[in-house]
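Worksheet for the structure shown next.
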Amino acid sequence: VLECIPTLLESLTDDELKREARGSENKTDTVSCLIRACKCVSVKTPQHHSLLKSLEMFRLKMILRLLQMSSF
């Protein structure tokens, strides 16, 4: 499950991602909350260090993607 969530989030189109981000002031709020929840659960799994690192890298990629879509 923890490995499926980043895959599903990554498959969102730009329009879908914009809709998710539009409702909140902080554009990464929904995505960050999901990834933070995954990180909390992953601490309980064996080999959690590599999973935590990959989740954090994914979170940063999603923030970059949202920033690139934003019009300033």
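So which of Arg19, Arg59 is modelled with pLDDT of 80 or more and in a helix (DSSP H, G or I)?
Just one listed residue meets the conditions, Arg59.
Within the range 36-50, how many residues are surrounded by 12 or more Cβ atoms within 10 Å (Cβ to Cβ) and either modelled with pLDDT under 85 or outside any helix (DSSP H, G or I) (or both)?
1
Return only the number of the condition from (1) surrounded by 15 or more Cβ atoms within 10 Å (Cβ to Cβ); (2) at pLDDT below 85; (3) not in a helix (DSSP H, G or I) that Asn26 does not satisfy.
(1) is the only condition that Asn26 fails.
The values are calculated or read from the model by the stated rules, or taken from the named source; none is laboratory data. None of the values given here were measured: they were computed from a predicted structure. As a convention, Cβ positions derive from the backbone with ideal geometry for all residues, glycine included, and neighbour counts pool all protein chains shown.
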